[in-house]
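Data first, discussion second: the structure below is written as structure tokens.
Every read-out reported here was derived from the displayed coordinates using simple, explicitly stated rules and does not represent laboratory data. Values in this document were obtained by computation on a predicted structure and should not be read as measured data. In this analysis, Cβ positions are derived from the backbone assuming ideal geometry, glycine residues included, and neighbour counts consider all displayed protein chains.
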Amino acid sequence: RSKDAGGGTFHCYEPQLHVDAEERRVLELALRQALNNNEMHLHYQPVVDARTGALTGFEALLRWTHPQFGAIPPTKFVPLAEETHMIAPIGEWVLRSACAEAARWDDPVRVAVNVSPEQLYNPAFVTVVASALANSGLPAERLELEVTESVFMREGTCAVRVLEKILDMGVRLSLDDFGTGYSSLGYLSRTRFSSIKIDRSFVTQAAGGAPEAVAIIRAVVALAGSLGMATTAEGVETEDEHVMVQQLGCTKVQGYYFGRPLPVAEARTIASRGRRAAA
Ligand code: C2E
Ligand code: MG
Ligand code: MG
Ligand code: MG
């Protein structure tokens, strides 16, 4: 009987593997059609000044709604797009759309766009950025590109040179999800980042009373400050978390407490309120 049970377990396992590979294949095919079928759109999440609460910009976040499968989270399809080399055309679409949208806002706040390492390993990306700015009329200073530490992990790529050329245009650069990768402080002094985004995991742990997380935020804020960089606390969900990161000296905050990622029209309304209130 135990032999049977073992066999049963084995047979039970195989179809599971098959389903995963099948799901991936189906998803990959669907992803290839997604842009052409207008299934992708962007949401915009507010980023605010930690002290004044004033809007400083929005982060563009990619959304994919498939007619049959429904909403598929970026944590699921972005890695797939990276593995299958589809991130270049998708990322270009994100960049062009975000620049065009930001150019329409009444408030001249910044728009932040996430960029995958793969995009920076191609020198043609410099031209894509220049063209997105030229076509939209968005001043370079209003565009911020978010990259993660993983960009610097691979040896012998042109990523640093590509970033340099983009920085020379006047575009800003921020280091996303700081502290989650294999941090090396070397490139922080070599690449001109405007800001460091402190990953949500530290904010959550610090608010939960973890002294190590508090110490890490404090250290990152001090490091960024001495290098002339701003710090953005990611994933601030409560007033307590806001007070905490503000007291720790973070210069900007982003999270559900200030606003979820919003559809285009809602972001556009918020990006016009400041101007009207000030007028
Ligand atoms: P990210 O760049 O670190 O973006 C922040 C993520 O945290 C977003 O998840 C956002 O919705 C979420 N978030 C913001 N505030 C809070 C909060 O208070 N609580 C919680 N629990 N979550 C919060 P999202 O939109 O699911 O995106 C996940 C990741 O997918 C992004 O992380 C980014 O790495 C990637 N991604 C999204 N859009 C793009 C894109 O256009 N291109 C590339 N290459 N990656 C993208
Ligand atoms: Mg980001
Ligand atoms: Mg982030
Ligand atoms: Mg993050």
TODO: Output yes when any residue across the stretch 70-90 is more than 29 Å from Asp49 (Cβ to Cβ), touching a strand residue (DSSP E or B) at 6+ places or on another chain (Cβ under 6 Å), surrounded by fewer than 18 Cβ atoms within 10 Å (Cβ to Cβ) and hydrophobic (A, V, I, L, M, F, W, C), and no when none is.
DONE: yes
Open item on the list: Any residue at all in the stretch 64-75 that's part of a loop (DSSP other than H, G, I, E, B), out of contact with any Gly (no Cβ under 8 Å at 6 or more places or on another chain) and within 16 Å of ligand 2 (Cβ to nearest atom)?
Closed with: yes
Open item on the list: Which count do you get for residues in the stretch 154-172 that are within 16 Å of ligand 3 (Cβ to nearest atom) and either closer than 17 Å to Ile217 by Cβ or surrounded by fewer than 20 Cβ atoms within 10 Å (Cβ to Cβ) (or both)?
Closed with: 0
TODO: Report, by residue number, each residue of the stretch 224-255 that is away from ligand 3 (no atom under 16 Å from the Cβ) and more than 16 Å from Ser174 (Cβ to Cβ).
DONE: Ser226, Thr238, Glu239, Asp240, His242, Val243, Met244, Gln246, Gln247, Leu248, Gly249
Task: Cβ pairs under 6 Å, 6+ apart, first in the stretch 113-125 and surrounded by fewer than 20 Cβ atoms within 10 Å (Cβ to Cβ), second assigned to a loop (DSSP other than H, G, I, E, B) - done: Tyr121/Thr157; Pro123/Cys158
TODO: Would you please name the residue that is surrounded by the fewest Cβ atoms within 10 Å (Cβ to Cβ), looking only at residues in the stretch 204-235 that are under 19 Å from the mean Cα position of the chain (by Cα) and farther than 21 Å from Leu188 by Cα?
DONE: Thr204
Open item on the list: Ala271 - would you say it is over 19 Å from Gly179 (Cα atoms), within 16 Å of ligand 1 (Cβ to nearest atom), in a helix (DSSP H, G or I) and under 20 Å from the mean Cα position of the chain (by Cα)?
Closed with: no
TODO: Would you mind telling me which numbered condition in (1) closer than 16 Å to Ala50 by Cα; (2) in contact with a helix residue (DSSP H, G or I) (Cβ under 8 Å, 6 or more places away or on another chain); (3) among the aliphatic types (A, V, I, L, M); (4) part of a helix (DSSP H, G or I) Val236 fails?
DONE: (4)
Task: Residues of the stretch 142-158 that turn out to be touching a helix residue (DSSP H, G or I) at 6+ places or on another chain (Cβ under 8 Å), within 16 Å of ligand 4 (Cβ to nearest atom) and within 30 Å of Asp106 (Cβ to Cβ), as a count - done: 2
- [ ] Consider Thr238 carefully, then state whether it is of a type outside the set (A, V, I, L, M) and more than 26 Å from Gly186 (Cα to Cα).
- [x] yes
Open item on the list: So, in the stretch 175-223, how many residues would count as being away from ligand 3 (no atom under 16 Å from the Cβ), in a helix (DSSP H, G or I) and among the aromatic types (Phe, Trp, Tyr)?
Closed with: 1
